[in-house]
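Undergrad: The structure that follows is given in the form of structure tokens.
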Amino acid sequence: MQKQYDFKKQELKWQKFWEKENLYKFNPKKSGKIFSIDTDPPTLSGKMHIGHVSSYSHEDIIARYHRMKGENVYFPFGVDNNGLATERMVESINGVTLFEVGRKNFVQLCQKTISKVLPDFVSGWKRVGVSCDFSNIYSTISPAVQKISQQHFLELFGQGRIYQKESPTLFCPACQTAIAQAELEDKEEQSVFNDIYFELEDGRTIIISTTRPELLASCVAVFVHPRDKRHKDLIGKTAIVPIFGQKVKIMADDKVDKEKGSGIVMCCTFGDTTDLDWYFKHNLPLRISITKQGELNDLAGEFKGFSIKAARKMILEKLKEKGQLISQKTIEHSVNVHERCGTEIEILPTKQWFIKYLDLKEQFLKQSGKLNWYPKYMKIRLDNWIKGLRWDWCVSRQRYFGIPIPIWHCKKCGKIILPSVKDLPIDPLHSNPTKKCSCGSSEFIPETDVLDTWATSSLSPQIALSLVKNKETKGTMFPMSLRPQAHDIINFWLFYTLARSSLHYKKLPWRDVFISGHVLDSKGEKMAKSKGNAVDPEAILEKYGTDAVRYWASQARMGDDFRFSEEEIQQGKRTATKIWNASRFALMHLTNYALKDSDAKNLEDEDKWIFTKLNRAIKDYAAKMDSYEYPRAKEIIDGFFWNDFCNNYLEIVKARVYEPENKQTLKAAQFTIYKVVLGILKLYAPFMPFVTEEVYQDYFRKTEKTKSIHLTLLPEPEKKFDFPAIASDFETAIDAIVQIRKYKSEHQLSMKAELGEVSIKVKNKGKIKKYLPLISKLMSVKKIE
């Protein structure tokens with residue numbers, strides 16, 4: 001073995017080796033239970049961030065563990081390059097907007113840009129040591145995936161669960177598209193609460209508080225709480241909207257917050273989801289004063305053509321002039337924004353396509369209860385989301401780069417025309433139906449909307465399994481074994497996939513769900529480029545190496561957000577270096593040694609103690625890994641490696657390998673070193689794949705024969721090497737050694753410093769007596785009391 005471990009050189013070497021050997025390529029004919037992972041395809045919208053490094057390290061630790069259990073691991077890799085995020089990236093890279101270049105040219109530009117950036121993007125995941133099958137990567141915009149998505153759309157159409165209608169829709173003015181309820185994000189923003197006078201027909205005035213005076217032109221009603229004694233006499237009266245003059249009824253509803261402002265609120269179509277509820281509940285008229293571009297329309301009169309923010313300012317000035325703006329107060333309040341761009345959403349009547357599923361909420365809740373949740377408490381997030389669903393799923397988007405909705409409309413009679421499944425994928429803009437409409441017309445209007453990216457990502461199990469060409473094996477792989485994902489997309493990816501699986505297959509999409517958290521900065525705050533607290537993973541990987549960074553990532557417990565810690569990464573680097581150095585030291589004494597079971601006949605008590613400790617570590621490690629508690633598994637192997645093996649066993653066994661009393665005790669020591677070092681490497685391998693591969697290849701491959709440590713089997717507890725009684729006795733010697741080390745350390749003495757006499761505390765004098773010579777020799781003590 002070389003003298004120093006050069007992680008930069010070795011990590012690149014083994015990454016290339018794994019790729020060249022197709023080490024992680026899925027073989028459907030391989031024996032063993034299949035463990036399949038519904039991998040989260042990263043969005044092709046920029047560079048890998050530290051959160052990616054963390055979450056994909058977690059997935060990979062799980063995958064490598066199950067592979068080394070002897071299971072046939074299916075760990076696909078995909079890229080989500082479909083939809084708004086990709087459009088934004090393409091616009092940014094090329095310095096254009098989709099509206100400038102037109103639909104056809106923009107779609108071609110997207111395809112060209114994706115081909116250019118994809119190789120570098122995927123290389124980042126390889127750098128992190130992710131053991132996916134990179135030989136067959138899927139793309140959520142590829143023809144194969146388009147066919148899967150369109151086929152499932154047609155299936156739901158056949159079930160009567162796809163419909164199109166014009167209705168109030170969540171709409172993003174910046175992205176110029178409808179969005180789904182799951183794409184809303186609550187954002188705390190500073191705003192101004194404006195107290196405004198409304199006149200009543202009877203000459204009285206009332207005060208209404210609002211943060212959105214620009215919606216006065218859309219005011220259709222005023223509401224008070226039915227049990228608010230202050231305003232009970234107002235119910236049924238008529239108010240006159242300032243500036244715009246329309247007359248609106250004052251009505252009662254339990255949703256009014258009596259403590260907020262004056263307790264009197266205006267209802268506009270539409271300011272928020274409460275307005276939407278009141279619109280349907282009280283059959284209110286529709287007054288839309290905002291365009292899809294986020295500007296005021298004809299209804300706003302003199303304010304037409306101005307942006308929402310500009311109009312807000314102008315309307316407030318007008319209210320001041322008329323003496324109708326009483327007071328203003330700065331507040332912090334939560335607003336709904338589009339999670340993709342952070343723009344405040346509007347609710348506008350638009351024609352959209354929906355998947356009908358509100359009638360299935362109870363069915364979805366039952367499916368949620370059948371999943372194995374890790375951690376269990378995350379189930380409540382999904383259940384609360386399902387219970388709170390208020391709208392069917394809007395799956396159409398007014399974008400250019402996405403999977404086309406496979407529909408034509410007959411120009412003459414308006415009938416919806418569907419393609420044949422065998423013709424998929426199709427783009428209605430560039431193809432026509434193969435037959436005339438039943439009315440006899442052969443003129444058709446193509447559907448221009450595309451599918452929401454989640455409508456495709458919700459089929460990730462089907463997309464991932466489409467890469468498996470062996471039909472017999474593929475038939476046994478659904479439901480998949482595991483869905484690993486972050487907690488912030490439970491309402492998106494997890495729910496939508498559960499819903500689609502239930503709608504199409506009446507099955508769960510997977511057996512287990514593993515939820516990870518987010519990486520925070522060292523102060524516990526969310527990372528963001530704008531805050532200046534984001535960490536560049538490339539720089540960290542370059543400085544410390546992949547194994548060190550994975551070591552840090554593996555401390556994150558299920559579901560928990562956790563802090564970025566350079567100190568923990570440094571500890572990871574120390575651990576990788578220690579694995580290298582300790583293995584190098586131990587294995588240098590195994591030159592020309594050939595492992596023989598007969599050498600175990602002459603084991604000394606320290607050998608039996610370390611074997612017993614290893615057995616216990618293996619058992620506890622497996623229990624934690626099987627329940628996805630890899631941080632605890634890492635702590636178990638850390639404790640065994642640093643304390644039991646390095647600090648104690650190696651120090652004790654030195655004398656036997658340097659100056660053996662006889663051949664038998666040397667062989668027993670060599671046998672123990674071989675077995676224990678190999679066991680340590682295997683237990684660390686899922687966490688630190690590079691340094692463990694390096695040591696394995698340098699020494700063990702020629703004897704173990706398997707081409708990589710990652711294809712070997714994890715060690716199992718061996719009853720023949722379990723000596724609980726002897727291990728318990730020997731623990732008294734270890735305790736004594738620890739006491740003497742502590743004394744020397746406290747008195748700033750070298751561990752080799754000779755002591756005349758020491759006194760130690762022991763629970764059983766009889767047990768320790770036989771180990772006193774060993775302790776005296778190891779710790780350089782002449783006499784022990």
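Undergrad: Just going by the charge dipole of region 227-331, with Lys and Arg at +1 and Asp and Glu at -1 on Cβ, which of Phe244, Gly301, Gly263 is farthest out on the positive end?
TA: Working it through, the farthest residue towards the positive pole turns out to be Gly263.
Undergrad: Here's a follow-up. Could you pull out every residue, at least 5 positions away or on a different chain, whose amide H is within less than 5 Å of the one on Trp353? Hs are placed 1.01 Å off N in the peptide plane, and Pro or chain starts have none.
TA: Result for Trp353 returns Val395, Ser396.
Undergrad: If one takes the longest principal axis of the Cα atoms in the chain, at what angle in degrees, from 0 to 90 and to the nearest 10, does the Cα axis of helix 724-746 lie?
TA: The helix 724-746 is inclined about 80 degrees to the chain.
Undergrad: Next question, about the same structure. What distance in nm lies between label points placed 7 Å from Cα along the C-beta direction at Gln328 and Lys351?
TA: 4.1
Undergrad: Right, another one. Quick one: Karplus J couplings for region 262-268, per residue in order, coefficients 6.51, -1.76, 1.60, θ = phi - 60°, nearest Hz, x for Gly and Pro?
TA: 7, x, 10, 10, 8, 10, 10
Undergrad: Summarise the accessible area of the chain (1.4 Å probe, protein heavy atoms) by the percent that is carbon and sulfur.
TA: Numbers: 17270 of 35300 Å².
Carbon and sulfur atoms account for 49 percent of the accessible area of the chain.
Undergrad: Still on this structure, please answer the following. Could you order peptides 330-340, 607-617 by the average number of other Cβ atoms within 10 Å of their residues, highest first?
TA: Numbers: 330-340: 15.1, 607-617: 23.3.
For the peptides 330-340, 607-617, the packing ranking is 607-617, 330-340.
Undergrad: Let me ask another. Could you give the angle, 0 to 90 degrees to the nearest 10, between helix 103-127's Cα long axis and the longest principal axis of the Cα atoms of the chain?
TA: In the chain, helix 103-127 runs at an angle near 20 degrees to the longest axis.
Undergrad: Over the chain, give the accessible area per residue in Å² for a 1.4 Å probe, as an integer.
TA: Details: 35300 Å² over 785 residues.
Value for the chain: 45 Å² per residue.
Undergrad: By how many nm would the segment from Lys16 to Met751 lengthen if fully extended, with 0.36 nm per residue of separation less the alpha-carbon distance? Intermediate results must be reported in sequence, preceding the final value.
TA: Values: separation 735, 0.36 × 735 = 264.60 nm, distance 4.33 nm.
Stretched fully, the Lys16-Met751 segment lengthens by 260.3 nm.
Undergrad: Same structure again: Pull out the extension gain between Gln108 and Lys526, defined as 0.36 nm times the separation in residues minus the alpha carbon to alpha carbon distance; nm, one decimal.
TA: Values: separation 418, 0.36 × 418 = 150.48 nm, distance 3.62 nm.
Roughly 146.9 nm would be gained on extension.
Undergrad: Which of the peptides 210-216, 441-447 is most tightly packed, and how do the rest follow, going by the mean number of other Cβ atoms within 10 Å of each residue?
TA: Values: 210-216: 22.4, 441-447: 15.4.
By packing density, highest mean first, the sequence is 210-216, 441-447.
Undergrad: What nm value, rounded to one decimal, do you get for the distance between Asn581 and Lys422 when each label is placed 7 Å out toward the C-beta?
TA: Roughly 7.0 nm, to one decimal.
Undergrad: With a Förster radius of 45 Å, plug the Cβ-Cβ distance of Leu429 and Arg227 into 1/(1 + (r/R0)^6) and report the FRET value to the nearest 0.05. Can you show the working numbers first?
TA: On the way: r = 56 Å, r/R0 = 1.24.
Step by step, r from the Cβ atoms, then E = 0.20.
Undergrad: Give me the Debye-computed log₁₀ of I(q)/I(0) at q = 0.09 Å⁻¹ for the chain, equal point scatterers on Cα only, no solvent, two decimals.
TA: -0.94
Undergrad: Let me ask you something else. Between Asp202 and Ser92, 0.36 nm times their residue separation minus their Cα-Cα distance comes to what? Could the numbers behind the result be given before it?
TA: Working: separation 110, 0.36 × 110 = 39.60 nm, distance 5.73 nm.
Full extension of this stretch gives 33.9 nm more.
Undergrad: As a check on your grasp of the helix formula, calculate [θ] at 222 nm for the chain: sum -39500 (n - 2.57) over DSSP H runs of n ≥ 4, divide by the residue count, round to the nearest 500. Walk me through the numbers before you get to the answer.
TA: Numbers: 26 runs with 304 residues, N = 785.
Estimated from H runs of four or more residues: -12000 deg cm²/dmol.
Undergrad: Over region 9-130, one equal point on each Cα, no solvent: what is log10 I(q)/I(0) by the Debye formula at q = 0.14, 0.16, 0.20 Å⁻¹?
TA: -0.72, -0.86, -1.12
Undergrad: Still on this structure: Using only Cα atoms and rounding to the nearest 10 degrees, what angle (0 to 90) does helix 663-684 make with the longest principal axis of the chain?
TA: Once rounded, one gets 0 degrees.
Undergrad: Might you report the magnitude of the Cβ-based charge dipole of the chain about its Cα centre, with Lys and Arg at +1 and Asp and Glu at -1, to the nearest 20 debye?
TA: Numbers: 121 positive and 98 negative charges, 411 e Å.
With only Lys, Arg, Asp and Glu charged at Cβ, the dipole is about 1980 debye.
Undergrad: Suppose each label sits 7 Å from its Cα in the direction of the beta carbon; what would the Asn470-Val738 distance come out to in nanometres?
TA: Between Asn470 and Val738, the label points sit 4.9 nm apart.
Undergrad: For Ala486, which sequence-distant residues (separation of 5 or more, or a different chain) have an amide H within less than 5 Å of its own amide H, given hydrogens modelled in the peptide plane?
TA: The list, which skips near neighbours in sequence, is Ser516.
Undergrad: Right, here's the next one. So if I take the alpha carbon set of region 502-641, get Rg, then get Rh from the Kirkwood formula, what is the Rg over Rh ratio?
TA: Details: Rg = 20.8 Å, Rh = 18.8 Å.
Checking Rg against Rh, the ratio lands at 1.11.
Undergrad: With only Lys, Arg, Asp and Glu charged, each at its Cβ (+1 for the first two, -1 for the last two), find how big the charge dipole of region 305-438 is about the Cα centre; round to the nearest 20 debye. Write down the numbers at each step before the final one.
TA: Details: 26 positive and 12 negative charges, 56 e Å.
So the magnitude is around 260 debye.
Undergrad: Moving to a separate point now. Are there trypsin sites (Lys or Arg not before Pro) in region 460-507 that DSSP puts in a loop and that have at most 13 other Cβ atoms within 10 Å, and which ones? If you can, show how the numbers build up before the last one.
TA: Values: sites: Lys469, Lys471, Lys474, Arg500, Lys506, Lys507; in loops: Lys469, Lys506, Lys507.
Within region 460-507, the qualifying trypsin sites (Lys or Arg not before Pro) (loop, at most 13 other Cβ atoms within 10 Å) are Lys469, Lys506, Lys507.
Undergrad: What does the highest-first list of 485-494, 260-269 look like by mean Cβ count within 10 Å?
TA: Working: 485-494: 19.9, 260-269: 21.6.
Listed from highest to lowest mean packing, they are 260-269, 485-494.
Undergrad: Can you list residues whose amide H is under 5 Å from Tyr74's amide H, if they're 5+ apart or on another chain and H is modeled 1.01 Å from N?
TA: Hits under the 5 Å cutoff: Phe35, Ser36, Ile37.
Undergrad: Further question on the same structure: Within region 402-435, name every residue whose backbone N is under 13 Å away from a label modeled 7 Å from Cα of Gln164 along the Cβ vector.
TA: Hits in region 402-435 for Gln164 at 13 Å: 405-419, 428-429.
Undergrad: Explain nothing, just compute: Karplus ³J(HN,Hα) = 6.51 cos²θ - 1.76 cosθ + 1.60, θ = phi - 60°, for every residue of region 159-173 in order, whole Hz, x for Gly and Pro.
TA: For region 159-173, the Karplus-derived couplings read 7, x, 9, 9, 9, 10, 7, 8, 7, x, 10, 5, 9, 9, x Hz, x marking Gly and Pro.
Undergrad: Would you work out which of Asn336, Pro479, Gly766 lies farthest towards the positive end of the dipole of the chain, given +1 charges on the beta-carbon of Lys and Arg and -1 on that of Asp and Glu, about the Cα centre?
TA: Result: Gly766, furthest along the dipole toward the positive end.
Undergrad: Something else about it: Calculate the length of the line joining the C-alpha centroid of region 434-513 to that of region 328-343, in whole Å.
TA: Between the Cα centre of region 434-513 and that of region 328-343, the gap is 33 Å.
Undergrad: What FRET efficiency do you get for Lys769 and Asn643 if R0 is 30 Å and r is their Cβ-Cβ distance, rounded to the nearest 0.05? All intermediate terms of the calculation are to be shown ahead of the outcome.
TA: Numbers: r = 24 Å, r/R0 = 0.81.
For Lys769 and Asn643, the calculated efficiency is 0.75.
Undergrad: Using each residue's phi in region 61-75, evaluate 6.51 cos²θ - 1.76 cosθ + 1.60 at θ = phi - 60° and report the 3J(HN,Hα) Karplus result to the nearest Hz, with x for Gly and Pro.
TA: 3J(HN,Hα) across region 61-75, in whole Hz: 4, 5, 4, 5, 4, 5, 5, 7, 7, x, 7, 8, 8, 9, 10.
Undergrad: Positive end of the charge dipole of region 457-587 (Lys, Arg +1 and Asp, Glu -1 on Cβ, about the Cα centre): tell me which of Gln570, Ser458, Asn533 has its Cα farthest that way.
TA: Ser458
Undergrad: Give the calculated FRET efficiency between Lys25 and Phe99 to the nearest 0.05, with a Förster radius of 56 Å applied to their Cβ-Cβ distance.
TA: About 0.80, to the nearest 0.05.
Undergrad: Can you compute the label reach from Thr448? Point 7 Å from Cα along the Cβ direction, backbone N cut-off under 13 Å, restricted to region 327-356.
TA: Residues 351 fall inside that zone.
The values are calculated or read from the model by the stated rules, or taken from the named source; none is laboratory data. Keep in mind the model is a prediction, meaning the values are calculated, not measured. Virtual Cβ from ideal backbone geometry, glycine too; neighbours counted across all protein chains shown. For accessibility, only protein heavy atoms count, side chains too; no ligands or nucleic acids. Shrake-Rupley method; radii C 1.70, N 1.55, O 1.52, S 1.80 Å.
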